[in-house]
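Right, one structure below, let's go through it.
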Ligand SMILES: [Zn+2]
Ligand SMILES: [Zn+2]
């Protein structure tokens, strides 16, 4: 899969959680991260971003300005979403496939907040 922001190759990483492994695609160049919807929902208790979100936040901030991106799975333009509390965090989502985060954005997130927003978003479009 290609990174929707910089078109570099994305590599799959497996994160171990209490509920089993979760697959995350991470860009080899800008370290942006893609979560498939089903995968993100399997992250239940513990936030594992420390293990995977190892990109340079300054690169992430630059990539954060690229907001017109297409879903790497279906090619549709993704929705631009903001965290209502932490407004500096902006991410992109495809309602059918998943979410894309720039490097460093994930670490800022409280997991519960993230999933609340995403569920609201998914129920809104369905
Ligand atoms: Zn990239
Ligand atoms: Zn899609």
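Would you mind ranking 26, 67 so that the residue whose beta carbon has the fewest other beta carbons within 10 Å leads the list? Display every interim value, and only then the final one.
On the way: 26 20, 67 12.
Least to most surrounded, the residues fall as 67, 26.
What FRET efficiency comes out for the pair residue 68/residue 8, r = Cβ-Cβ distance, R0 = 22 Å, nearest 0.05? Walk me through the numbers before you get to the answer.
On the way: r = 18 Å, r/R0 = 0.81.
Once rounded, the FRET efficiency stands at 0.80.
Read the figures in this text as sums done on the coordinates, not as results from a lab. None of these values were measured; they are calculated from a predicted model. Every residue, glycine among them, receives a Cβ derived from its backbone with ideal geometry; neighbour counts consider all protein chains shown.
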